[in-house]
Each structure stands twice: as C-alpha cells, then as structure tokens.
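Only one structure is covered here, and it is reproduced in the block below.
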Amino acid sequence: MPWETFYGRSKPAGRQAQIRIQTKGVFTINKAAHDLLDHAEAVELLWDADRQMIGFRPISPEEPHAYPVRPTKKQGVTGSTYIISAKAFFATFRIPIDTLRQFTPRKVDDVVAIDLQEKGIDAARTRTQGRGQAHTAQ
C-alpha cells in the first residue's frame, strides 16, 4: 500500500478565544478567553434569559457569589486552560448540559458572553473526527 500524506494541521492552542460547556456543569476556557477576562481569579456568572446568553464578569474572589477561575494542571504543570465549576448555575437556570459544546465568546460592555442561540460546536464530535484530509502518494 502506498504512503498517504496527511494535509491537516494541528490547531495552535489559545489563538481564538473559546469557552466550552462540559456535561458535568463545568466551563472550560482557553488562554485567549482568560485574557478577555483580564486574567480574572474569579468571575460572577450572569444569565440573560431573553437573549439566551451566559455572561462572565471579573469579580473579587472574596465576593460570596464569586466563582473561582482555576488553572488546570497536567502532570503537575499549570496549563493554558482554566475551569469554572458551575453545576448549580446550570441547574438554577435550567440550561441543558447534555452535550459538550464549544462557543466563541465576545465582549459585551464589561461582560464576556457566549450566545446559546448560536448552539455552539458539538465539541464531542470535533474530538472524534479527523482534522484534515489524507491523499495517497503517487
């Protein structure tokens, strides 16, 4: 069988801001999204039912309603991904978390927001599909 050339390429981490909603009620944000949040240690979570938008606003970690923005660690090294545990938030506003979804956040005044009307990318599918195409060498 001849060799096949793979013409896909890996996605550079952290270039485009991304926020994922995980099925366990956790937000995962990449470095670019954390930059949009001005490197916040904590955020307040906001919900706009009319526009179906989730908002994140930097806030002091001392506030009673603050949600910590925690860096992930892989093999003891701090990575460029951050998590916000928010199961109670999803339950309170009955926001479905049955599918892993990925959104591109945008700044709306002093809030970093994701629009649930955009449905987001089914991130579980993007993990299992190939990123590029292969061609058989001649």
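Go through the residues of region 23-31 one by one and say whether even a single one is under 21 Å from ASP109 (Cα atoms) and either among the polar types (S, T, N, Q) or modelled with pLDDT under 95 (or both). Yes, region 23-31 contains at least one residue that is under 21 Å from ASP109 (Cα atoms) and either among the polar types (S, T, N, Q) or modelled with pLDDT under 95 (or both).
Rundown of residues vs (1) modelled with pLDDT under 70; (2) over 13 Å from ILE29 (Cα atoms), yes/no style:
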{"position": "ILE84", "(1), (2)": "no, no"}
{"position": "LYS87", "(1), (2)": "no, yes"}
{"position": "ASP109", "(1), (2)": "no, yes"}
{"position": "THR126", "(1), (2)": "yes, yes"}
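Residues being aromatic (Phe, Trp, Tyr), over 13 Å from the mean Cα position of the chain (by Cα) and part of a strand (DSSP E or B) are entirely absent from region 73-95. Residues in region 37-64 that are among the aliphatic types (A, V, I, L, M) and either in a strand (DSSP E or B) or crowded, with 20+ Cβ neighbours inside 10 Å (or both): LEU37, ALA40, ALA42, VAL43, LEU45, LEU46, MET53, ILE54.
The values are calculated or read from the model by the stated rules, or taken from the named source; none is laboratory data. Predicted, not measured: the structure shown is a model, and the values here were computed from it. For neighbour counting, all protein chains shown are included, and Cβ atoms are generated from backbone atoms with ideal geometry for every residue, glycine included.
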